Amino acid sequence: MELDDHAEDLASDLGVDKEEVKSDLQNLVEYSVPIDEAKGSLRRKYGDGSSGGSAPSSKEIGEITPEDGNVTVTGVVLTAGERSIRYQGSDHVIVEGKLADETGVIDYTAWEDFGLSPGDAITAGNAGVREWDGEPELNLGESTSLSFSEESLEVPHEIGGDAQLADLQTGDRAVTVEVAVLECERRTIDGRDGETEILSGVFGDESGRLPFTNWDPAPAIEEGGPVRIENAYVQEFRGVPEVNVSEFSTVSELDREIDVGTDSTTMDIGEAVRTGGVYDVCVVGNLIAVRDGSGLIQRCPECYRVIQKGQCRTHGEVDGVDDLRVKAILDDGTGTVTAVLDDELTEQVYGGTLEDALEQAREAMDQEVVADTIRENIVGREYRVRGHLSVDEYGANLDAESFEESDDDPETRASEFVSEIGAAVDGEEVDA
Ligand SMILES: [Zn+2]
C-alpha cells in the first residue's frame, strides 16, 4: 500500500484532512517509524477512541515496552548528543542519548531543542514510545511537556558517554572517546551537498581499533592526535561499526599518550558472527573448503569487481585484470566464516607469484589449477585468521589481514575434525 492510501484510510477513519495526515505520516516514516506504528501514533494524536486517547500513564523506565503508546517518565539524562539529519529537503538538529532511572536505561530522540544535558533530572510528559530493533525508544517531540527537576536523582549508571573503542556498537550515540589516530587520509566525496572533504582512517585506544569518518575535518585529528572526542556516534559502514565525528562533536588535543593495544580480540566464530560485524577480530578454525572464485581470477578494470568470462555486471565486456585471491571456509564448531585473502596472502598460501600462477594456468590450459594447488596446500589444516568481519545476506566474511597456520598441534586437530564432519562439505556456492 502506498503512503497515499494509508493517509486516505486514516483520514476517513478519523474524519480529518487527508493532506494533514499524509504530511504527518510522511514525517514519521522518514524518521524510520514503521508504517503500522506511525498510523497508530496518528490515531492517538487525532483522538481515535479505540486505541486509548486517555492521558499517558507514568511509567518506570524498566517497565516501558514497545507496545506503550505514550508515557510519562522521570529520569536522569546520561548522554545528550546533537546530530543533523535531513528530511523534506532541509537539515534538522536532533538530540539523541540515554535516559535512566533506578529500573533501567532507555534511548531517546528529542526532535525539539529542550536544552538537555548530561546529569539533568527530567520529567517527560506524553513522550512517544517507538520500537527500534526490538527495544522501546522514547520520542520527545512537539506534544511532549518537559520539565527539569531541581533535585538530582541517584541512578546506578555513569553520567556521560565515556567509552572504550572495543565496547562501541552500531547505534551508540553521544559517546566520548580518547584515541590515537593510527591512519588518516583526506578524501573528497560526493556528499548530499555536492563535493565535500572528509577525513577517514583508523582510531586506536587501549582496548582496540575502529575505523572513523570525520565529516568536518578537525585539525587535531588530521595532525595525528592523540585526541579526546566528545559527542561522536557509531554507525555501520561496510558491515563494521565506525566512529562518526560530526560538526557537533568536540575534538581536543589530548596531553597523554595512548597505548594502543596490539592484541585483537579472539572470539569463537559463532560469537563473532552474532555481533553482526566486528573490526579487527581473531578467529581460529579448520579450513574445510576453498570456494569457487578463488585462485587466479580476473577483475573489471573500472570497478575492480570479479568478472566471469570477461563480463562485468555493470560495465559489460571488459579487458579483465588478472589477480589472485582466496575465499576459504573456516569452521570451529560454533560457526563458519569465509576468510577472504588478498593477493599477497594468496601468494603465500599458493607458494608463488601472479606470474607463476599465469604460467601454471597456461601450461594446464585451465586457470582452475591454481585454486586446486591452493586447496591441496590449505584444506584440512587449522588457521588463525585476523581481520575485519562483516555479515550480509550471503553469510559472514572475514577480510583477512593475517592468515597463519595455528601452532597448537594442527595435524591432529585437523584430521580429527575432517573425519568428524566427513563429506558434509561439497556444496560450493556461486561467487558473489
Ligand atoms: Zn565493472
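The values are calculated or read from the model by the stated rules, or taken from the named source; none is laboratory data. A quick note: this is a predicted structure, and the numbers were derived from the prediction, not measured. Heads up, the Cβs are rebuilt from the backbone with ideal geometry, glycines too, and the neighbour counts pull from every protein chain shown. What goes into the accessible areas is simple: the full protein's heavy atoms, side chains included, and nothing from ligands, DNA or RNA. Shrake-Rupley method; radii C 1.70, N 1.55, O 1.52, S 1.80 Å.
Things worth noting here:
- Cβ-Cβ under 7 Å pairs, at least 6 apart or on other chains, region 296-321 side closer than 26 Å to G351 by Cα and polar (S, T, N, Q), far side more than 8 Å from the ligand (Cβ to nearest atom) and open to solvent by 40 Å² or more (accessible area, probe 1.4 Å): Q298/V321; Q298/D322
- For the condition more than 16 Å from the ligand (Cβ to nearest atom), modelled with pLDDT under 95 and either assigned to a helix (DSSP H, G or I) or over 24 Å from the mean Cα position of the chain (by Cα) (or both), D356 does not qualify.
- Looking only at region 16-42, and only at residues there that are exposed (fewer than 14 other Cβ atoms within 10 Å of the Cβ) and among the small types (G, A, S), the one that is farthest from R130 (Cα to Cα): S23
- In region 192-214, the residues that are assigned to a loop (DSSP other than H, G, I, E, B) and either surrounded by 18 or more Cβ atoms within 10 Å (Cβ to Cβ) or touching a Gly at 6+ places or on another chain (Cβ under 7 Å) (or both): E206, S207
- Condition check for E135: farther than 30 Å from K45 by Cα and open to solvent by 40 Å² or more (accessible area, probe 1.4 Å): no
- Considering (1) open to solvent by less than 20 Å² (accessible area, probe 1.4 Å); (2) within 25 Å of the chain's Cα centre (by Cα), the lone condition that W111 does not fulfil carries the number (1).
- Count - residues of region 137-158 that are closer than 17 Å to V29 by Cα and touching a strand residue (DSSP E or B) at 6+ places or on another chain (Cβ under 8 Å): 5
- Flag if V318 is over 25 Å from the mean Cα position of the chain (by Cα) and either of a type in the set (D, E) or more than 15 Å from T338 (Cα to Cα) (or both): yes
- Conditions (1) open to solvent by 40 Å² or more (accessible area, probe 1.4 Å); (2) at pLDDT 95 or above; (3) away from the ligand (no atom under 16 Å from the Cβ); (4) not hydroxyl-bearing (S, T, Y); number of the one not met by V273: (2)
- Within region 372-395, tally of residues that are farther than 30 Å from E236 by Cβ, aliphatic (A, V, I, L, M) and either assigned to a strand (DSSP E or B) or open to solvent by less than 30 Å² (accessible area, probe 1.4 Å) (or both): 2
- Within the option set S252, S200, S246, being over 26 Å from T338 (Cβ atoms) and in contact with a Ser or Thr (Cβ under 8 Å, 6 or more places away or on another chain) holds for one residue only, S246.
- Set I221, I189, I258: member being of a type in the set (A, V, I, L, M, F, W, C) and open to solvent by less than 10 Å² (accessible area, probe 1.4 Å): I221
- Selection within region 126-185 - among the small types (G, A, S) and touching a residue at least 60 places away in the same chain (Cβ under 8 Å): A127, G128, G134, S143, S149, S152, G160, G161, A166, G171, A174, A180
- Hits in region 57-108 (condition: open to solvent by 30 Å² or more (accessible area, probe 1.4 Å), within 14 Å of L146 (Cα to Cα) and of a type outside the set (S, T, Y)): N70
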